[in-house]
Amino acid sequence: MQLAGKVVAVTGGSSGIGRAMARRFAQAGARVAIADIDAGGAAAVAAEIEGLSMAVDVAVETDIQAFVDATSRKLGPIDLFCSNAGIAVEGDPWTADEDWDRIWAVNVKSHIYGARHVLPQMLERGSGYLLQTASAAGLATQLGSALYAVTKHAVVALAEWLAITYGERGIQVSVLAPQAVRTKMTEGIEHSGLAVAAVDGMLEPEDVAEAVVEGLAQERFLVLPHPEVLTYFQRKATDYDRWIAGMQRLQRRLEGRMP
């Protein structure tokens with residue numbers, strides 16, 4: 001996909017990866033609409049790139065529907081929809097239901113809502129692109145957070161299904177799966193149970209945006225800003241039991257139960 005002249009919608013676009021992607025897409029000649037629960041932040045980015053902004057809670061379907069409708073009306077039919085908004089919560093099966101429900105709504109259902117409301121126009125014209133921001137946690141796991149691991153796996157599963165089901169009808173799908181990126185979400189990560197995400201270094205959002213543009217140009221399903229993730233994923237697929245045993249050792253190390 002070449003971005004020049006395209007209409008692109010980005011959720012979670014007021015900061016971090018979303019903001020970097022919005023800026024990079026605009027630089028490539030796209031017309032960009034930004035959705036975020038932070039209305040002021042979204043408006044600031046939109047003003048910078050001469051784009052459109054809208055206050056959106058991605059956990060609310062009617063908000064996403066309104067965003068798709070407004071973008072299509074003001075900028076034209078959406079060529080690329082980036083379901084990028086997400087949150088991270090540490091926890092396990094005993095974490096409160098409210099936390100499970102919230103991260104499920106933001107990290108998974110928002111992707112469903114986006115597809116539900118943008119796919120009809122794409123299918124009607126026989127072309128369109130969905131970019132789903134998951135995480136390396138969606139291909140491997142996330143030590144310290146069952147909530148994050150489960151929801152990011154679900155994003156990958158949804159993207160796979162969409163690619164398989166609609167690929168022959170002109171719909172392209174990519175999954176963005178980085179490890180740690182320097183954003184608000186990762187502030188203080190070195191002192192949390194999520195620290196292992198930075199094992200291969202922490203990228204800047206602009207590095208991720210560049211990887212996205214390259215991945216879209218090549219129409220790759222997996223966009224991996226940290227190339228090591230592909231090796232980990234291959235090892236997991238080749239010998240699942242050995243991979244789990246290795247992750248158990250890493251878990252013990254993080255808990256201080258082995259040198």
- Return the pairs, sorted by first residue and then second, in which the second residue is part of a loop (DSSP other than H, G, I, E, B) and open to solvent by 40 Å² or more (accessible area, probe 1.4 Å), the first residue lies in the stretch 159-174 and is in contact (Cβ under 8 Å) with a residue 60 or more places away in the chain, the beta carbons are less than 6 Å apart, and the residues are 6+ apart or on different chains. Q172/E219
- What about K184, is it within 22 Å of M21 (Cβ to Cβ), at pLDDT 95 or above and of a type outside the set (A, V, I, L, M, F, W, C)? no
- Message: Within the stretch 88-101, does at least one residue satisfy the condition of being closer than 21 Å to S14 by Cα, under 17 Å from the mean Cα position of the chain (by Cα) and not basic (K, R)?
- Response: yes
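Looking only at helices (runs of 4 or more DSSP H) that lie completely in the stretch 16-110, which have at least 3 residues being within 30 Å of G144 (Cα to Cα) and among the hydrophobic types (A, V, I, L, M, F, W, C)?
Values: elements: 16-27, 39-49, 61-74, 97-104.
In the stretch 16-110, the matching helices (runs of 4 or more DSSP H) lie at 16-27, 97-104.
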- Message: Condition (residue is crowded, with 24+ Cβ neighbours inside 10 Å and within 11 Å of L158 (Cα to Cα)) applied to the stretch 102-116: is it met by at least one residue?
- Response: yes
- So how many residues does the stretch 150-186 have that are open to solvent by less than 20 Å² (accessible area, probe 1.4 Å) and among the aliphatic types (A, V, I, L, M)? 11
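Where residues in the stretch 83-101 are under 20 Å from L131 (Cβ atoms) and not hydrophobic (A, V, I, L, M, F, W, C), which of them is surrounded by the fewest Cβ atoms within 10 Å (Cβ to Cβ)?
Within the stretch 83-101, the first condition is being under 20 Å from L131 (Cβ atoms), and the residues that meet it are 83-88.
Subset that is not hydrophobic (A, V, I, L, M, F, W, C): 83-84, 86.
Details: S83: 30, N84: 28, G86: 25.
If we take residues in the stretch 83-101 being under 20 Å from L131 (Cβ atoms) and not hydrophobic (A, V, I, L, M, F, W, C), then G86 is surrounded by the fewest Cβ atoms within 10 Å (Cβ to Cβ).
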- Task: Tell me, yes or no, whether the stretch 87-96 has at least one residue that is among the small types (G, A, S), at pLDDT below 95 and at negative phi.
- Result: yes
- Message: Could you go through the stretch 117-134 and let me know if any residue there is at pLDDT 95 or above and at positive phi.
- Response: yes
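The values are calculated or read from the model by the stated rules, or taken from the named source; none is laboratory data. All values derive from a computational prediction rather than experimental measurement. Cβ: placed from backbone, ideal geometry, glycine included. Neighbour counts: every protein chain shown. Accessible surface is based on the protein model in full, side chains and every heavy atom, while ligands, DNA and RNA are left aside. Shrake-Rupley method; radii C 1.70, N 1.55, O 1.52, S 1.80 Å.
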